[in-house]
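What follows is calculated from the coordinates using simple rules that are stated; it is not laboratory data. These numbers come from a predicted model, not from an experiment. For neighbour counting, all protein chains shown are included, and Cβ atoms are generated from backbone atoms with ideal geometry for every residue, glycine included.
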Amino acid sequence: MSLTVREAVDADSDGIIALIDSCYREYPPNILDVDAEEPELRAPASRYPAFWVVDGEDGQIVGCIALQVREPRQRIELKKCYVHASQRGSGLGRLLVEQVEDWARAEGCTQVELWTDTRFKLAHRVYAALGYQATGRTRDLNDLSQTTEFHFLKNLS
């Protein structure tokens, strides 16, 4: 099966939410309460400078990724990187991260940073394999899931 990354539209909201919810459920006690904590998911294409999705064979969204531009403008933050359990190990995560990095380079950005839930150990390994360095910084989100996140950074060449 060949998967293609495409730009998200706001109408993808339900599919993106379903994907993220399925990923959260793998890591109890994670809870996705869109209206209370992530209302931007109701209009993802309008709320992010760039947001991409990947459709599976059945039309279900099986991957997504977004970004935010940080100040100074040379840095972007990788956001909302989720891959459906059925697609993990297929290279889809790498493809999505490369999409963000390509966008960043085209915009003249020199760094990509990200924050990832401490429970997402597979994601940490993927990011490290793609050249992201753990900075040692953490942050508590004080959200419904009681999330603590690790910070990663990559310099683009």
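Points to keep in mind about this one:
- Relative to one another, the C-alpha centroids of the stretch 104-157 and the stretch 44-58 are positioned 20 Å apart.
- Here the simple spin-label model places points 7 Å from the Cα toward Cβ, and for residue 74 and residue 26 these points are separated by 3.5 nm.
- Option label - Cα Rg over 2.2 N^0.38 Å computed here, alternatives [x] 1.21; [y] 1.36; [z] 0.98: [z]
- Protection proxy ranking for 146-154, 28-36, 53-61, using the average of other Cβ atoms within 10 Å per residue and placing the highest first: 146-154, 53-61, 28-36.
- Helix runs (DSSP H) in the chain reaching 20 Å along axis by Cα, Kyte-Doolittle at least -0.5: 92-106
- This ranking places 103, 52 by how few other beta-carbon atoms lie within 10 Å of each, fewest first, which gives 103, 52.
- The stretch between residue 47 and residue 138 holds 30.2 nm of extra length on full extension. This uses 0.36 nm per residue minus the Cα-Cα distance.
- Inter-label distance for residue 60 and residue 153, nm, one decimal - labels placed 7 Å from Cα along Cα-to-Cβ: 3.9 nm
- Theoretical ellipticity at 222 nm over the chain - DSSP helices of four or more residues, -39500 (n - 2.57) apiece, nearest 500: -8000 deg cm²/dmol
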